[in-house]
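Single-structure report; data block below.
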Amino acid sequence: MAIIRSISGLRATLVDGVFDDNLIYIYIYSLLKLYPEGKFVIGRDGRPSGIAMQEFIAKIMTHYNREFILIGLVPTPTVQLIVEEVGAICGISITASHNPEDWNGLKFINSNGVFFDAAENQKLWNIIDSQKLISIPDEIYKIDISNITIQNDWAIDTHINKMLNLQSNNANFNSNTNFNLELVKAKEYRVVVDAVNASGSIIIPQLLSELGCTVFKLNCEGNGEFTHKPEPLPENLSELAEAVVSMNADVGIAVDPDGDRLVIIDENGKPIGEENSIVLAVWSYLKNHKNPENARIVVNHSTTQNVEYVAKMFNSKVERSPVGEINVVNKMKEIDAEIGGEGSGGIILRDFHLGRDAVSGIYLLMNFLAQNSVSISTIINKLPKTHIKKVKIEFSHSIEEIAPQIKSLFKTEKCIEEDGLKFIGEDYWLQIRKSNTEPIIRIISEGTDETPPTNLIDKVFSIIKHY
């Protein structure tokens, strides 16, 4: 059985029948007990299985006389934002993010539009685990929900309009270099979008059209059929890279199935690396900040050190958190940070909402390009030439079991144990941690030609291979 519940919610496989009505029912039934009153917002990422799941959740809600809004095929960030907009008590995003097509999941969002943290998840799990065998009431299957309107257009328009109107409500942005919709429109950028036929299929092209771009849609059918592996890594984006060149585009944009990660292809069809999405977003934000030296930034321990490089240009401060959106968000709230994210392509713009959002990233990216009249490749060439390598392997043991041996390999480096093990050298770092969302261990390293990340990772493999 493949069921994973973590700080990132619930994920499970479909092919073996694990993610069935019983699993959905126990989670939603327990969620209703956790929140005996209040409105819910429900959206999905486009996977075909999500259609039936959305309908079944709606029937459960109807059976228990609960108020809810269905918003259909939308990014998870849209669910978060709509929870805030309508004053809902909770949001449910039906998604397995970047997991393969034979997975689906449920992400839970609190009334602040933020993912459940560890304490909130634990409360839900305690209710779930305390339940005795519960059978699904037969009446639920007889409920007709055909008259319920899915408010998809309204949800997407609300998301885009709030983004485009951000400048008028943002006291931090410098009025002399403020985001200028007309400036971006005047550039008439050519953009290729690969939404992997999932939740970004509608909203991303629509946003770019609002920004005056000519949009070439690639895998934007919204049918949830992944034409390539869904994680937006360079090896999965060759079709997008080729399209950027053939269409003579200025930029290629890829998002993951639930639309919270932004990955960029430059005008030459070259992936700039998912890590650099947050780097460019931070650069754009600080460049437009009234007092950048007072700005605070949060990224997780697995994110490129180039964020610090950009922050130093503006005398801004970067702090780190464990991996996981809610961990970044909590740290942002703790230190009153204005922008944050993760090296996986997740960008969090606090003035908009406290969640990773490709829409926020595109807003900052297009602003940066228009203001500076430069190409993506020109910007990237200004960054230090570091190399980052990420590997994942199946691993059934705990980090604690191998920690003493791993530490013996890195005696001179600074060791941080906030999120697995992280070792920091003069111009390199390495982290080893268990995934929150998959039954694997991740090893990530960044270094220079003098200290290649491959060499650092090989040292760790010399220990792990014996387990």
Checklist entry - Between segment 64-104 and segment 201-254, what is the C-alpha centre distance in whole Å? => result 23
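Among bridges DSSP assigns within the chain, what percent are antiparallel (round to 5)? Can you show the working numbers first?
On the way: 45 of 73 bridges.
For the chain, the DSSP antiparallel bridge percentage is about 60.
Between rounded, prolate and oblate, where does segment 49-94 land on the alpha carbon gyration tensor, with a ≥ b ≥ c its root eigenvalues, rounded for a/c under 1.5, else prolate if a/b exceeds b/c? Intermediate values should be presented prior to the final figure.
Working: a/c = 2.77, a/b = 1.19, b/c = 2.33.
Since a/c reaches 1.5 but b/c is at least a/b, the shape of segment 49-94 is classed as oblate.
Mind ordering 48-56, 66-74 by average Cβ neighbours within 10 Å, highest first?
Working: 48-56: 17.6, 66-74: 21.8.
Result, highest mean first: 66-74, 48-56.
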Checklist outcome for this item: Over all viewing directions the Cα convex hull of segment 387-464 casts an average projected area in nm² of 4.8
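Hey, which of these cross-link pairs are over 18 Å Cα-Cα: LYS39/LYS59; LYS33/LYS59; LYS59/LYS142; LYS217/LYS389; LYS385/LYS434? Walk me through the numbers before you get to the answer.
On the way: LYS39/LYS59 15 Å; LYS33/LYS59 16 Å; LYS59/LYS142 9 Å; LYS217/LYS389 30 Å; LYS385/LYS434 28 Å.
Going by Cα-Cα distance, LYS217/LYS389; LYS385/LYS434 fall outside the 18 Å limit.
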Checklist entry - Once the dipole of the chain is set up with Lys and Arg at +1 and Asp and Glu at -1 on Cβ about the Cα centre, which of ASN65, ILE253, ASN180 lies farthest towards its positive end? => result ASN180
Item to check | Percentage, to the nearest whole number, of Cα pairs in segment 3-155 over 25 Å apart | outcome: 20
Checklist entry - What is the chain's relative contact order, in percent, from Cα pairs under 8 angstrom and six or more apart in sequence? => result 13
Checklist outcome for this item: Between PHE115 and residues 5 or more places away or on another chain, the pairs with built amide H atoms under 5 Å apart involve ASN110
Item to check | In sequence order, calculated HN-Hα J values of segment 74-82 (Karplus, 6.51, -1.76, 1.60; Hz; x Gly/Pro) | outcome: 8, x, 4, x, 5, 4, 4, 5, 5
Next on the checklist: Please report the spacing between the Cα centers of segment 389-467 and segment 1-35 in Å, no decimals.
Outcome noted: 31
Next on the checklist: Run the simple label-point estimate for THR214 and ILE393 please: 7 Å along Cα→C-beta, distance reported in nm.
Outcome noted: 4.9
Next on the checklist: Compute the distance from the alpha-carbon center of segment 315-365 to that of segment 278-292, in whole Å.
Outcome noted: 12
Checklist entry - When DSSP beta bridges are limited to those with both residues in segment 3-155, what percentage is antiparallel, rounded to the nearest 5? => result 55
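Where does the chain land at 222 nm, in deg cm²/dmol rounded to the nearest 500, when only DSSP H runs of n ≥ 4 count, each adding -39500 (n - 2.57), divided by all residues?
Values: 16 runs with 174 residues, N = 467.
Counting only the DSSP helices, I get -11000 deg cm²/dmol.
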Checklist entry - Once phi is turned into θ = phi - 60°, what whole-Hz ³J(HN,Hα) does the Karplus curve with 6.51, -1.76 and 1.60 give for every residue of segment 399-404, x standing for Gly and Pro? => result 4, 4, 5, 9, 4, x
Next on the checklist: Sort 351-358, 427-434, 113-120 by the packing proxy (mean of other Cβ within 10 Å over each peptide's residues), most packed first.
Outcome noted: 351-358, 427-434, 113-120
Checklist entry - When every alpha-carbon pair in segment 165-380 is counted, what percent end up more than 27 Å apart? => result 26
Checklist entry - Once fully extended, how much extra length lies between ILE463 and LEU164, figured as 0.36 nm per residue of separation less the alpha-carbon to alpha-carbon distance? => result 102.6 nm
Next on the checklist: Given contacts defined as C-alpha pairs under 8 Å and at least six residues apart, what's the relative contact order of segment 165-380, whole-number percent?
Outcome noted: 19
Checklist entry - Once you sort the root eigenvalues of the Cα gyration tensor of the chain as a ≥ b ≥ c, which label holds: rounded (a/c under 1.5), prolate (a/b larger than b/c) or oblate (the other case)? => result oblate
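Read-outs throughout are calculated quantities, based only on the coordinates presented, and are distinct from any laboratory measurement. What you are looking at is a predicted structure, and each value in this text was computed from that prediction instead of being measured. Backbone-built Cβ (ideal geometry, glycine too); neighbour counts: all protein chains shown.
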